[in-house]
1. Report the gain in length on full extension from Leu195 to Leu171: 0.36 nm times residue separation, minus Cα-Cα distance, nm rounded to one decimal.
2. Give me the distance in nm between label points sitting 7 Å out from Cα along the Cα-to-Cβ direction at Arg26 and Gln88, one decimal.
3. Contour minus end-to-end for Leu47 and Trp99, with contour as 0.36 nm per residue of separation and end-to-end as the Cα-Cα distance?
Amino acid sequence: MRPVVPLLLSLCMLCWAPWAQAQAQRVNRCTNAQGETVFTDRSCDALGATARMPPRGDSVGNTGIYRAGCARRLSELTGQIRDAVSLQDVNRLSSIYLWGNVSDATANQIIGRLESVVQRPLLDIAPVYPEVAAPPPLPVDPNATLVEAVEGAAPPASRPRPIGLRLEQTLGTTATPARTVFGLRRQYGCFWITL
């Protein structure tokens, strides 16, 4: 009976080693108290920071079950992308892709790229905004009071709408960064992604 104990211990160690290695190579994106982004292989709590992209919890309308329909809000679209990647489900990701006017050969290439996206661990999804040139400064009357100068200034420009979504990922179980940028299209009253 005694030879069984060392055998069981060695089997436990063999099972634990790959799990420990996979846990050690996970990269977390955290935001510290100063608002800076920090990438680390430790938990965000260990650094006194918060997770940049917390896992989606169940809420009304978000049961984790696929539901038909399209994303009418950008937050719904990012949630669908997050779900597809976490489940490694290329079909789910392809269901939010805008396939209009795509040839068979191009569709096969796109599916291959989407498959690569869902196989990589997801760190963050961030909006991509268009490049906007700063407007030239308005001339200010040197004799104007401070109140007159401020009132005469142009109103602050509103933030432009995002034109894409940037996925920050890692390659496999390494810390090597990978980035994918999806274009955003609004069609049929819904948001769709493109490559």
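1. Contour length minus Cα-Cα distance gives 6.7 nm.
2. 1.5
3. Here the answer is 14.4 nm.
Every read-out reported here was derived from the displayed coordinates using simple, explicitly stated rules and does not represent laboratory data. All figures in this text were calculated on a predicted structure; none of them were measured in a lab. Ideal geometry is used to build each Cβ from the backbone, glycine not excepted, and the neighbour counts take in all protein chains shown.
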